[in-house]
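K.L.:
Below you'll find the structure I mean.
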Amino acid sequence: MTTRLDVRRRAGAVAIALLVVGVLGFAPGVTTGYRDISFAGHDSGAHLLGIFQVSVLQNALHILFGVVGIALAGTREGARAFLAAGGSLFLALWIYGLVVEQASDVNFIPVDTADSWLHFALGAAMLALGTWTRKPTTA
């Protein structure tokens with residue numbers, strides 16, 4: 001029995017979650033205000049689960065990131081790189097979301113308060129998952 005999940009499984013799970021989130025961002029009903037979704041920008045009226053503001057660009061990036069993560073999860077080195085780079089990227093998005101005005105044209109992703117704190121949690125979790133790994137052992 002494995003005492004710790006391998007980094008490849010962790011990266012794969014994160015990648016699949018990002019892929020699912022990206023697809024759900026295009027699902028009417030799961031995404032409220034779907035008719036008001038914009039390609040990019042702070043004025044998108046669509047919200048995943050009624051909480052997280054989404055746009056076509058943001059959903060497409062989640063899907064792309066998920067696909068890349070699945071591909072990289074095939075090796076330990078790739079999985080670690082995906083978790084480290086992805087975690088760093090999401091932490092950078094968190095900082096971006098804290099400093100950019102939500103109604104500004106610079107807010108092209110879009111990010112709101114809920115998105116920013118989700119980016120923080122996801123970035124920290126990805127870095128932790130990539131850091132706290134070792135080769136699986138058996139009991």
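K.L.:
Each residue of segment 74-83 in turn: what ³J(HN,Hα) in whole Hz from Karplus with 6.51, -1.76, 1.60 and θ = phi - 60°, glycine and Pro shown as x?
P.N.:
Values per residue, Gly and Pro as x: x, 10, 4, 5, x, 5, 5, 4, 4, 5 Hz.
K.L.:
Follow-up. So what's the angle, to the nearest 10 degrees on a 0 to 90 scale, between helix 56-72 and the longest Cα principal axis of the chain?
P.N.:
Once rounded, the angle reads 10 degrees.
K.L.:
Moving to a separate point now. Run the quick spin-label model on residue 23 and residue 60: label points 7 Å from Cα toward the beta carbon, then report their separation in nm to one decimal.
P.N.:
Distance between label points: 1.9 nm.
K.L.:
I would also like to ask the following. Considering only C-alpha atoms, what is the centroid distance from segment 114-131 to segment 74-88, in Å?
P.N.:
So the two Cα centres are separated by 14 Å.
K.L.:
Given R₀ = 30 Å, FRET efficiency for residue 125-residue 101 by Cβ-Cβ distance, to 0.05?
P.N.:
Numbers: r = 27 Å, r/R0 = 0.91.
For R0 = 30 Å, the calculated efficiency reads 0.65.
K.L.:
Can you work out ³J(HN,Hα) from phi for every residue in segment 19-26, in order, using Karplus 6.51 cos²θ - 1.76 cosθ + 1.60 and θ = phi - 60°, giving whole Hz and x for Gly and Pro?
P.N.:
Here the 3J(HN,Hα) series is 4, 5, 4, x, 5, 5, x, 9 Hz.
K.L.:
Same structure again: Please identify the longest segment of the chain free of exposed chymotrypsin sites (Phe, Trp or Tyr not before Pro), where exposed means a DSSP state other than H, G, I, E or B and no more than 11 other Cβ atoms within 10 Å.
P.N.:
On the way: sites that count: 39, 132.
Here the longest run is 40-131.
K.L.:
Taking only Cα atoms, what is the 0 to 90° angle, nearest 10, from helix 113-131's long axis to the longest principal axis of the chain?
P.N.:
With rounding to tens, the tilt is 10 degrees.
K.L.:
Could I ask something else about it? Counting alpha carbon pairs within less than 8 Å and at least 6 residues apart, what relative contact order, in whole percent, applies to the chain? If you can, show how the numbers build up before the last one.
P.N.:
Numbers: 254 pairs, mean separation 46.4, N = 139.
Value for the chain: 33 percent.
K.L.:
On to the next question. Per DSSP helix of 4 or more residues, -39500 (n - 2.57); summed, then divided by the residues of the chain. What does that give at 222 nm, rounded to the nearest 500?
P.N.:
On the way: 4 runs with 78 residues, N = 139.
My calculation for the chain gives -19000 deg cm²/dmol from helical runs alone.
K.L.:
Oh, and also: Taking amide H positions as placed in the peptide plane 1.01 Å from N, state which residues far from residue 52 in sequence (5 or more) or on other chains have amide H under 5 Å from it.
P.N.:
Close amide H contacts, sequence-distant or interchain: none at all.
K.L.:
Using only the C-alpha atoms of the chain, find the volume of their convex hull and express it per residue in Å³. Intermediate values should be presented prior to the final figure.
P.N.:
Working: hull volume 13.6 nm³, N = 139.
Each residue corresponds to 98 Å³ of Cα convex hull volume.
Each reported figure results from applying straightforward, stated rules to the coordinates on display, with no laboratory input. Only a predicted model underlies this, so the values are computations on that prediction, with no experimental measurement involved. Virtual Cβ from ideal backbone geometry, glycine too; neighbours counted across all protein chains shown.
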